[in-house]
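The values are calculated or read from the model by the stated rules, or taken from the named source; none is laboratory data. Being a predicted model, the structure only gives us computed values, none of them experimental. Ideal geometry is used to build each Cβ from the backbone, glycine not excepted, and the neighbour counts take in all protein chains shown. Heavy atoms of the whole protein, side chains included, go into the accessibility calculation; ligands, DNA and RNA do not. Shrake-Rupley method; radii C 1.70, N 1.55, O 1.52, S 1.80 Å.
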Amino acid sequence: MPQIKIAVLGSGKGSNFRAILSAIMSGHLPVRPVLAVSDVPGAGILTLADNLGIPTMVIREEKYRTRLSEDVESALVGELRAANVDLIVLAGYMRLVKSPLLDAFPRRIINIHPSLLPRFPGFEAWKQALEAKATTTGCTVHFVDSGIDTGEIIAQSEVPIYPGDTPETLHARIQEAEHQLYPEVLARFAKPGVF
Ligand code: GAR
């Protein structure tokens, strides 16, 4: 079966990438990760990729904390082009994506966010949901644009919030939903003719 090529970008523990890899290994997801990129040396996605022989790249950004300098992002674009990626998958990547990358891959960068957007964009969305005393939240896969979690929504999954939930229990429940949703969305992109 033909496979689409993805690059995965992440800054955290990498559980979404692990879920994507599990779906691939189960034989149901015709997707090939060709590059794992992190701005955090030692990030989970790098270890997962290393263990499977998937090429990795560590971004070194010294000027900004919430984005990349234009030259650093341009270098990343070069690597992504060289790897011939069809789709860029943000999985816990905690920086804003700016114009060199957005312009190079229009409608080819997707992100997973731990809330039902447009509610609770930004940092630690599960804490925002608890503070707002919401009774449900969830996760969203969306196209990335220049805003903070504002791009077109592709798919969502709802998660209940229970009395007594802590930030940890709620985030864990949202992550279970993320681990289902992200491989499902990738399967849609992997259908013949999408790219
Ligand atoms: C996920 O919950 C993801 O939704 C969130 O970071 C976590 C990464 O977990 N992303 C954001 O908040 C982006 N705004 P992981 O490293 O275990 O996949």
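Taking 0.36 nm per residue of sequence separation and subtracting the Cα-Cα distance, how much length would be gained by fully extending the chain between V40 and T56, in nm to one decimal? Working shown, then result.
Values: separation 16, 0.36 × 16 = 5.76 nm, distance 1.18 nm.
Length difference between fully extended and current span is 4.6 nm.
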Notebook entry, point to check: Which of the helices in the chain meet the span-like rule: DSSP H, Cα axial reach of 30 Å or more, Kyte-Doolittle mean at least -1.0?
Noted result: 167-189
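What shape does the range 1-147 take by its C-alpha gyration tensor, where a ≥ b ≥ c are the square roots of the eigenvalues and a/c under 1.5 counts as rounded, a/b above b/c as prolate, and the rest as oblate?
Values: a/c = 1.62, a/b = 1.21, b/c = 1.34.
Oblate.
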Item checked: Low-density loop cleavage sites - GluC sites (Glu not before Pro) in the range 86-195, where at most 13 other Cβ are within 10 Å (DSSP) -> E152
Next item on the list: Sort S11, S74 by accessible area with a 1.4 Å probe, largest first.
Entry: S74, S11
Checklist line | Sparsely packed trypsin sites (Lys or Arg not before Pro) within the range 131-195, loop by DSSP, other Cβ within 10 Å at most 12 | finding: K133
Check: Sorted by mean Cβ packing within 10 Å, highest first, what order do the peptides 143-149, 89-95 take?
Finding: 89-95, 143-149
Margin query: Within 15 Å, Cβ to Cβ, of P118, how many net charges do the neighbouring residues add up to if Lys/Arg are +1 and Asp/Glu are -1?
Written below: -3
Check: Could you give P(r) for the range 82-195, binned at 10 Å from zero, as whole percent values over all Cα-Cα pairs?
Finding: 14, 44, 30, 11, 2
Check: Which distance in Å, rounded to a whole number, links the C-alpha centroids of the range 167-193 and the range 63-91?
Finding: 23 Å
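Please list D39, D50 in order of solvent-accessible area, largest first, computed with a 1.4 Å probe with all protein chains present.
On the way: D39 25, D50 95 Å².
The most accessible residue leads, giving D50, D39.
Taking square-rooted eigenvalues a ≥ b ≥ c of the alpha carbon gyration tensor, is the range 1-86 rounded, prolate or oblate, where a/c under 1.5 means rounded and, failing that, a/b exceeding b/c means prolate?
oblate
Just the accessible area per residue of the range 1-93, please: how many Å² with a 1.4 Å probe?
The answer is 49 Å² per residue.
What number comes out for the charge environment of S99, summing +1 per Lys or Arg and -1 per Asp or Glu over other residues with Cβ under 9 Å away?
On the way: positive: K98; negative: E70, E73, D103.
With Lys, Arg at +1 and Asp, Glu at -1, the neighbours total -2.
Could you work out what % of the accessible surface of the chain is carbon and sulfur, using a 1.4 angstrom probe and leaving DNA, RNA and ligands out of the count? Don't skip to the end; give the middle numbers.
Details: 5080 of 9730 Å².
So the carbon and sulfur contribution to the accessible surface is 52 percent.
In Å², what does the accessible area per residue of the range 105-195 work out to with a 1.4 Å probe? Write out the running numbers ahead of the final one.
On the way: 4660 Å² over 91 residues.
Ligands and nucleic acids excluded, the result is 51 Å² per residue.
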Next item on the list: Compute the length gained on full extension between A83 and S26: take 0.36 nm times their separation in residues and subtract their Cα-Cα distance, giving the result in nm to one decimal.
Entry: 18.1 nm
